1. Restricting segment 115-168 to residues that are more than 24 Å from Leu81 (Cα to Cα), more than 12 Å from the chain's Cα centre (by Cα) and among the hydroxyl-bearing types (Ser, Thr, Tyr), which is surrounded by the most Cβ atoms within 10 Å (Cβ to Cβ)?
2. Checking Val170 against (1) in contact with a Phe, Trp or Tyr (Cβ under 8 Å, 6 or more places away or on another chain); (2) modelled with pLDDT of 95 or more: exactly one of these is not met. Which one?
3. Could you go through segment 181-194 and let me know if any residue there is in contact (Cβ under 8 Å) with a residue 60 or more places away in the chain, of a type in the set (S, T, N, Q) and within 19 Å of Ala277 (Cα to Cα).
4. For segment 162-174, check the following and say yes or no: at least one residue is farther than 19 Å from Val206 by Cβ and of a type outside the set (Phe, Trp, Tyr).
5. Please enumerate the residues belonging to segment 102-124 that are part of a helix (DSSP H, G or I), touching a residue at least 60 places away in the same chain (Cβ under 8 Å) and of a type in the set (S, T, N, Q).
6. Condition test on Val61, is it assigned to a strand (DSSP E or B) and over 16 Å from the mean Cα position of the chain (by Cα)?
7. Scanning segment 169-227 for residues that are in a helix (DSSP H, G or I) and hydroxyl-bearing (Ser, Thr, Tyr), which turns out surrounded by the most Cβ atoms within 10 Å (Cβ to Cβ)?
8. Can you go through Pro41, Pro101, Pro55 and tell me which one is surrounded by fewer than 24 Cβ atoms within 10 Å (Cβ to Cβ), at pLDDT 95 or above and either acidic (Asp, Glu) or over 25 Å from Pro133 (Cα atoms) (or both)?
Amino acid sequence: MSAARIALVTGANQGLGRALVEGLAARLTPADLVLLTGRNPERVADAARGIARSPGGRARVEGRVLDVTDTDAIAHLADELAARYGGIDIVVSNAVARLLPDESQAERADEFIDVSNTATHAVLRSFGPVLRPGGRLIVVASSLGTLGHLDPRLRHLFDGASLDQVEYAVESWRSAVHHGTAAEAGWPRWLNVPSKVAQVAAVRAVADERRTHDLATGTLIAAVCPGMVDTPTSRPWFSDFSRAKSPAEAAEPVLDLIFAEHVDPALHGQLVRFGKALPWRDGTPPGEQDRMLTP
């Protein structure tokens, strides 16, 4: 088994993902390796070279092409890293599909769900078993991932659900979008809401199964809310960015969580924002999110 620490970030060629790679490289040692992944070979290579040349980096940074919608590719990479290094120490699932306010939510549903949810499930299933003791498996979500953002009719689908049940709920939502019955069933029109709830529910499901072992070995599985981040993905959705953070600023609390010396049991399996767990059943009243959309 390699003594070096191995880290991986998905969706990492720009924005928060790139900032997380930069932060990991700065905090790890020259013996360690950070894999910067994305699906565009040129962008991945450019980002990896740029970080490797930066004065703040210490760990090695390598680009790796990974299309997170290809669940077989995720499983293959996890197996490869397990065989080569004996496991992995840090995994950050950060990939997200960019969606603009004037685009049809229904027409973009498949891509959005595949990148944000199907990929999250695959990362949890494939990298959870090869996470070394003391490791960190982090899913980047948002404060929209709390259960109270959903219509009460839908909350039972995710509350206390297993990963299989979360996957079934996500596919039921996808089907309702395609059949034009989503609104009638209570699903929010804004894809980001059920997507984030499902991400957090998936993390909770996996963490609950592993809790005793993880806490005994200092291992953390959690979702994180980085707050409002000023990126090309988020900027079209909000008119006021006065309180937004740069990707580097938003990455710091996530990195602090990753590098905390001890795992706080209260954070295991939770949605964490700035070092504190957000209550799972809180959220704004259903319908508030739809008013954020362009009519």
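The values are calculated or read from the model by the stated rules, or taken from the named source; none is laboratory data. Note that the structure is predicted; figures quoted are calculated from it, not measured. Reconstructed Cβ throughout: ideal geometry from the backbone, glycine too, with neighbour counts over all protein chains shown.
1. Thr146
2. Going through (1) in contact with a Phe, Trp or Tyr (Cβ under 8 Å, 6 or more places away or on another chain); (2) modelled with pLDDT of 95 or more one by one, Val170 breaks only (1).
3. No, that holds for no residue.
4. yes
5. Within segment 102-124, Ser116, Asn117, Thr120 qualify.
6. On the way: assigned to a strand (DSSP E or B): yes; over 16 Å from the mean Cα position of the chain (by Cα): yes.
When the stated conditions are applied, Val61 passes them.
7. Ser195
8. Pro41
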